[in-house]
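Take a look at the structure set out below.
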Amino acid sequence: MALFEKLLPAFWHKERASGLYKQLFDYRRLWKEAALISVVIVFLPLGLLTAYEYKVTRATFESEALARSTRFVAKTRRAESFLLSKKRFALEFIIHDNTYEQLLQPGRIAALLDSLNRGLGLFADLGVIDAHGEQLAYAGSFHLEHADYSDQTWFKEIQNRGIFISEVFMGLRNQPHIIIAVKKNLEDGSFYVLRTAVSIERLTEILSHEQTGEVGDAFLINHEGVLQTPSRYFGDILTKVPLAVPDFSDHTEGFQLDGVRPDLLPNNNGGRPLPAELLGATLVVSYAYVENSPFILMLVSPKSELMAQWNQTKIKIMIFLSCTVAVMLLVLLCVVTYLINAIYIADQKRVMTLHEIEYSEKMASIGRLAAGIAHEINNPLAIINEKAGLIQDLFMIKEQYKQDAKLLGLIASIVSSVERCSVITRRLLSFARQNDATTTRVNLHKIITEVLSFLGKEPEYRSITICIDIEEGVSDIVTDKGKLQQVLLNIIKNGFAAVEDGGHLWIKARMLEGAVEVTIQDDGCGIPQEDLVKIFEPFFTTKGGRGGTGLGLSITYGLISELGGAIRVASEKEKGTSFIITLPLKMATTKE
């Protein structure tokens, strides 16, 4: 609820006006009327928006379809690679955990094969082959004892490698399988090989058609494009596919391919007719090279299959349309709120202007009163000063009074007090003349001193330390002295109000290029960050019920603008505030 209150515009909490023109200031009523009229016409562009969103959504579906295929291939490649690595690691473990003599012991290979099938499964057989290619120990369902592998391609390859995974081939058993072999060198310089034949059933199971959709086709090929697993579309094992072998890539890739012509397909299609979806259709092909193997995983799917969900998007489009209407309505209400709030702010500025006029009239009246008082006081002060001077001169003539230090001191005290009163009356006269919009040459140190004297004994009573630092070379400026006095007076009074007793106030001035910068800094309570952007707004005050009207800094901001300058503020809570005023050396509207 508190968050909702913060989101409400400023005019929402404004009390309803009364009087003859109260309807013009009923901002809630204005907001409701503007919102109602706008809502009536907001749905006109909705038709064009719907057509555009339809096109964008379809393009998104196509992109997602390709991404799904790519993800499937990446996941399946990891599974195939894991399967082969698991079997390879099993052979490496056996060959390092058993000596050559142990592996040749009767029944040892059979026991190891039985353990492998119980733990991992799908090991067709297991054999130990010497350096001449003769299988010395064998366990499995085929009669391959003492088989000669010396002329087999895989045996020649294993001599150059420590580990070898073959492509799918028929071999001596005349059945499709792959060979995983691990070589180990003997101390006499010879070697032996631990070999297993792995059925392709698990490879095919991972590529189950149930995972690839109704008509999708996932299969393995070698680097020559020969099928290593059955293909739904392109034939049986060891058949060359009519697709180009894709270029090598470390990661999963995808591309689109025009429909395959029936005459390019192999005659052996596994007894399954070519699906109609492929005839003239666009195919989405995703592929990945299986790590540490001679296999390439490919997934071929008709684009129409991948886009099947598009037929179900009508409901989603309706949901999207509803969301669009909601967003448009929200934007509409925000715009209406902004406009009504702008009217409210304009009215507030108008009221502020009236208050400023009232304030100026008040200051003019005070000025006239001050001038009258100053003139009335100056007349008797002049007489007192004249008579005191005459008495002082008479006493200086007669020797009996000339040596009376106490009496002469009293006369001097009278003259000093009269001079002090004269200074005060001159300041009152100067203040009274502030209302005339005239420019004059102003010395910053002098005007700052005068403004501080207006504030009386407050700094002394409260033990506030005031430090004035005017850099050398700061020149006089030509400006409106009265307005500048009022600006400095307002900011220094705010500084006194912010600091605790015993606080500090710094007033600094330095030259800039074509301007003078005056900084008034205090070590008071500071201003919260959320209030910094609002301190120059009319009627904004942080003093609550302690007498603040919220007009001081607003009027100050306006006066500085009239002087051709600028003001900014920096503050940190509980550390203090700095007002930085930049004034031109000469006002643009100077009248000589």
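List of remarks:
- Flag if residue 537 is in contact with a helix residue (DSSP H, G or I) (Cβ under 7 Å, 6 or more places away or on another chain), modelled with pLDDT under 85 and open to solvent by 60 Å² or more (accessible area, probe 1.4 Å): yes
- Here residue 449 meets each of (1) under 20 Å from residue 584 (Cα atoms); (2) open to solvent by 20 Å² or more (accessible area, probe 1.4 Å); (3) not in a loop (DSSP other than H, G, I, E, B) with one exception, condition (1).
- Residue within the range 561-570 that is open to solvent by 30 Å² or more (accessible area, probe 1.4 Å), at pLDDT below 90 and under 36 Å from the mean Cα position of the chain (by Cα) present: yes
- Every condition in (1) at pLDDT below 90; (2) farther than 12 Å from residue 196 by Cβ; (3) acidic (Asp, Glu) holds for residue 125 except the one numbered (2).
- Of all residues in the range 36-68, those satisfying the criterion of being over 24 Å from residue 298 (Cα atoms), of a type in the set (A, V, I, L, M), assigned to a helix (DSSP H, G or I) and touching a helix residue (DSSP H, G or I) at 6+ places or on another chain (Cβ under 8 Å) are 39, 46, 49.
- Under the condition of being touching a residue at least 60 places away in the same chain (Cβ under 8 Å), outside any strand (DSSP E or B) and not acidic (Asp, Glu), the residues counted in the range 150-169 number 2.
- The residues listed here are 229, 204; of these, the one that is part of a helix (DSSP H, G or I) and closer than 22 Å to residue 122 by Cβ is 204.
- Cross-chain or 6+ apart pairs with Cβ under 6 Å, the range 54-65 first and touching a residue at least 40 places away in the same chain (Cβ under 8 Å) and of a type in the set (Gly, Ala, Ser), then open to solvent by less than 70 Å² (accessible area, probe 1.4 Å) and assigned to a helix (DSSP H, G or I): 65/306
- Per-region count, the range 252-281, residues within 19 Å of residue 225 (Cα to Cα), open to solvent by 30 Å² or more (accessible area, probe 1.4 Å) and modelled with pLDDT of 60 or more: 6
- Filtered residues of the range 282-305 (kept if touching a helix residue (DSSP H, G or I) at 6+ places or on another chain (Cβ under 6 Å), open to solvent by 10 Å² or more (accessible area, probe 1.4 Å) and under 24 Å from residue 154 (Cα atoms)): 291, 293
- Some residue of the range 109-118 being open to solvent by 70 Å² or more (accessible area, probe 1.4 Å), polar (S, T, N, Q), over 30 Å from residue 308 (Cα atoms) and part of a helix (DSSP H, G or I): no
- For the range 493-533, a residue qualifies if it is open to solvent by 70 Å² or more (accessible area, probe 1.4 Å) and within 20 Å of residue 446 (Cα to Cα), and the qualifying residues are 493, 506, 508, 510.
The values are calculated or read from the model by the stated rules, or taken from the named source; none is laboratory data. Note that this is a predicted model, so its numbers are computed, not measured. Neighbour counts run over all protein chains shown; Cβ positions are idealised from the backbone, glycine included. Calculation scope for accessible area: heavy atoms of the full protein, side chains included, ligands and nucleic acids excluded. Shrake-Rupley method; radii C 1.70, N 1.55, O 1.52, S 1.80 Å.
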